[in-house]
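Coordinate-derived values only; no laboratory data. Nothing here was measured: the structure is a model prediction, and the numbers come from that model. Glycine gets a Cβ as well: all are built from the backbone with ideal geometry, and neighbour counts include every protein chain shown.
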Amino acid sequence: MENPSDLYSYLWHRLPLVLMFAQGYLICRILVVTRLTDIFVFRSLQKSRGRPDLICLYILVSSALLSFFIPNAVTVLILLPVLKTIEQETASRFNGQGLSTALTLSVIYGANIGGMGSLIGSPANLLLIAALDVYSVAGREQIGFFNWFIWSLPLVTLFVSAAWILLVFLAIPKSARNITLSLNLTENHGSLSRQQQSGMILFYVFLTFWITESLLKELIPAFKPFDAPVCIIFLICFIHAVFIHPLEPESEPLLHLKDMIEGFPKRGIFFLGILAAFVFIVRFFQLDRSVSDWLLKMISPGISPFVIMLSLTMTVIFLTEILSNTLVSTAFFPIAYFISNACHISPLPLMIAVSLASTCAFMTPVATPCNALAFGEMTGTSFRIMLISGFFLNLIGALMMSAWLWFIIPVIY
């Protein structure tokens, strides 16, 4: 992009992606403000029949699905009142030794796993797209809202299954495994209000449009010149339905401007700006190539490409336990690119693995804001069990992620 026309062409080409993330934020605010998230969690837990193992499973699944579309920390905030209610009942029945650890780890695991579930699920995914563009990685043009789900949903299912098994055997006390809880969640979450019905409709419209857009780009090449204009028109109509003319007559708009300002991630945007400056400095001084050259000297010439991917994934996962996940992913995208080129393998699976691995923070309370929030609010959570269970989930997750991405990414992209 040496001249303004190249920059304009690039921005126009990537405009649908930018609009998708912007609408993802709108959807997040709609789900939270209308409390559709609360209803989803309540109805999920009702299906657990009070069994501690199923309660943990439904919390895992609920927090993972919510984190597909809303920030991890918001997911934890939504679930905390429910977790505290359940914990109070179990603590009173077992002389203070309740399900605090199991409940805390369930929401932490689910929220972090959910970040890899959708293209808009984590800031690291946005940074991934930017890094793929910076290094002109082959196959990046095919990444879309819909085909991300094709490989992410099986991976999320594997992670949730592994996390649940670890929780059942390590976090749920043996004395609590065969009891039945009453789940006195007193709020009425019966029929949906008009506002909630409108929010649900817009959520489905959002999913339908972006899945259709991804399929049209994939199946009909002639649609690509019309992609950006169609997305702009859809965004205008969507904003009109949210702020100006509600779907239900004689009802309040779903969102007001104050709702957007209250939920706006100012610190997150500021941090992304710092990361952008960091990337520019690294690229300008070619520090990324220097670091990757240094790492390449440590790699044996005959080493398997899969072992390289597994090692990189595991390194990112464990670094994320003590460092910011966005910082780790930003630092490792160029490393993954240059190492893959030097070893004559496709950079795409490695760079996607870096993005996903940076969301896997399962061991420590300081790894992510949602970890700190859940651990701090749920008193009685065992740090020892969190450390042990998280360590095993990191190892299992690195193996599952590396094997699955190594196989599936070349097939899809």
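At a glance:
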quantity: Part-to-part distance (alpha-carbon centres) for the range 35-62 and the range 193-250, which is given in Å; calculated: 29
quantity: FRET efficiency, ILE220 to ALA342 (Cβ-Cβ, R0 35 Å, nearest 0.05); calculated: 0.40
quantity: Local electrostatic count, PHE392, Cβ distance below 14 Å [Lys/Arg +1, Asp/Glu -1]; calculated: 0
quantity: Label-point separation in nm, LEU192 to VAL411, each point 7 Å along Cα→Cβ; calculated: 3.4
quantity: Where labels lie 7 Å past Cα in the beta-carbon direction, separation of SER311 and LEU399 in nm; calculated: 1.9
quantity: Potential extension, ILE388-ASN178 segment - 0.36 nm per residue separation minus Cα distance; calculated: 73.2 nm
